[in-house]
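Step one of this worksheet: look at the structure below.
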DNA sequence: GCCAACGTTGGC
DNA sequence: GCCAACGTTGGC
């Protein structure tokens, strides 16, 4: 899951412990949260729009089928006037803090890892804020962070 | 700040 | 349903 640390980063998640992943307004990303994620799924917490971008920490899906309340909030930048309460358009998940990695694993380093060649994150033009990763990719990134802390 | 990539919007 | 225009994302 990608996030801009200036807005909400791993330190913010560490502080609040649990956060509804609201504000996602892309159907593909919503479908991943709504249809693919399960309680207990491990999450790579990725910091974007900073130098350097990279995986900063770990989180976990702790609730699924969460109605994104910002869609009904007229004052929110994520307000969606077309969405109805009886059939909400935007469904997300709650994520809980697991840990801040001992070091940020930069995007550049991820690009250098052969085992990650197929990760959507590394594809050109990939902007999705929620993306799948395999268990193997997850383990390798965590291992890289611990190997050279 | 630039710009490539890509999603969304809206005219037709 | 097509597609050009536009807006956003996000690395650099």
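Values quoted throughout were computed directly from the atomic coordinates according to the rules given, and no laboratory measurement underlies them. Given the structure is predicted, the values throughout are model-derived calculations rather than measurements. Cβ coordinates were reconstructed from backbone atoms using ideal geometry, including for glycine residues, and neighbour counts include every protein chain displayed.
Look at where the Cα atoms of the stretch A:84-149 and of the stretch A:19-54 average out, and the two centres are 8 Å apart.
Sorted by mean Cβ packing within 10 Å, highest first, what order do the peptides A:116-127, A:74-85, A:41-52, A:5-16 take? Walk me through the numbers before you get to the answer.
Working: A:116-127: 12.1, A:74-85: 10.3, A:41-52: 16.6, A:5-16: 14.4.
Listed from highest to lowest mean packing, they are A:41-52, A:5-16, A:116-127, A:74-85.
Starting from the Kirkwood radius over alpha-carbon pairs of chain A, derive D by Stokes-Einstein at 20 °C in a medium of 1.002 mPa s and give it in µm² s⁻¹. Working shown, then result.
Values: Rh = 15.9 Å.
Using the Kirkwood radius from Cα pairs, D works out to 135 µm²/s.
Look at A:105, A:142, A:24 and count the other Cβ atoms within 10 Å of each Cβ; fewest to most, that gives A:142, A:24, A:105. From a point 7 Å beyond the Cα of residue A:69 in the direction of its Cβ, which residues of the stretch A:77-92 have a backbone N at a distance under 14 Å? Under 14 Å, as judged by backbone N against the label point of residue A:69, lie A:92 of the stretch A:77-92. Of the residues A:36, A:96, A:19, A:86, the one with the fewest other Cβ atoms within 10 Å heads the list, and the complete ranking is A:86, A:36, A:96, A:19. Relative to the longest principal axis of the Cα atoms of chain A, helix A:135-147 runs at roughly 60 degrees.
Here's the picture: a label point sits 7 Å out from the Cα of residue A:50 along the beta-carbon direction, and within the stretch A:90-105 the residues with their amide nitrogen under 20 Å of it are A:95-105.
In whole percent, what relative contact order does chain A give with Cα contacts below 8 Å and a gap of six or more residues? Here the relative contact order equals 28 percent. Label sites at residue A:27 and residue A:138, each approximated as a point 7 angstrom past Cα along Cα to Cβ, lie 2.8 nm apart.
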